[in-house]
Amino acid sequence: MTERKPPGVSFESWVDKQIRDASERGDFKDLPGFGKPLPDETAPYDELWWVKGKMHREGVSVLPPTLALRKEAEDAREAAGRAATESQVRRILTEVNEKIEAAIRRPPAGPPLGIHPFDVEAVVAEWRAAR
């Protein structure tokens with residue numbers, strides 16, 4: 001659409017012609033979402049809809065730091081249960097404990113942390129018992 005609007009032609013009819021010509025050439029057929037239904041029009045308007053959509057498509061989530069650390073601690077506990085060796089269990093728990101202790105000393109923004117460092121020896125004992 002590099003051509004200029006000719007004089008004497010209304011802007012609306014000129015734009016309509018450009019869209020019609022592009023549609024006839026098939027310029028719109030390869031667009032993402034072509035042939036798919038539009039999103040729910042009854043949903044309330046959200047001015048950040050495109051940001052949330054992009055984050056969803058890219059698998060990105062934004063959690064407050066305390067909630068992200070809770071999730072990381074939960075994942076570390078599960079990873080410790082699946083670890084192949086006792087040293088891996090200790091390494092996984094020590095790493096997350098350092099982050100938890102730092103968050104307890106200097107609480108990050110967001111909801112309360114609500115977790116304590118793992119008792120590494122107790123988790124290692126549970127790991128041994130499960131083997």
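The values are calculated or read from the model by the stated rules, or taken from the named source; none is laboratory data. The model shown is predicted, which means the values in this text are computed figures rather than measured ones. Using ideal geometry, Cβ is built from the backbone for each residue, glycine included, and neighbour counts are taken over all protein chains shown. What goes into the accessible areas is simple: the full protein's heavy atoms, side chains included, and nothing from ligands, DNA or RNA. Shrake-Rupley method; radii C 1.70, N 1.55, O 1.52, S 1.80 Å.
What to note about this one:
- Considering the stretch 50-72, the residues that are of a type in the set (A, V, I, L, M, F, W, C) and closer than 26 Å to Phe118 by Cα include one that is nearest to the chain's Cα centre (by Cα), namely Val62.
- The number of residues in the stretch 76-92 being of a type in the set (A, V, I, L, M, F, W, C) and more than 25 Å from the chain's Cα centre (by Cα) comes to 3.
- Residues of the stretch 41-53 classified as open to solvent by 100 Å² or more (accessible area, probe 1.4 Å) and either at positive phi or part of a loop (DSSP other than H, G, I, E, B) (or both), total: 5
- Restricting attention to the stretch 92-113, the residues that are in contact (Cβ under 8 Å) with a residue 24 or more places away in the chain, of a type outside the set (Ser, Thr, Tyr) and open to solvent by less than 70 Å² (accessible area, probe 1.4 Å) total 8.
- Test for Val96: is it part of a loop (DSSP other than H, G, I, E, B), under 24 Å from the mean Cα position of the chain (by Cα) and aliphatic (A, V, I, L, M): no
- Qualifying residues in the stretch 54-91 (those that are open to solvent by less than 70 Å² (accessible area, probe 1.4 Å), assigned to a helix (DSSP H, G or I) and touching a Phe, Trp or Tyr at 6+ places or on another chain (Cβ under 9 Å)) - the one nearest to Pro107 (Cα to Cα): Ala73
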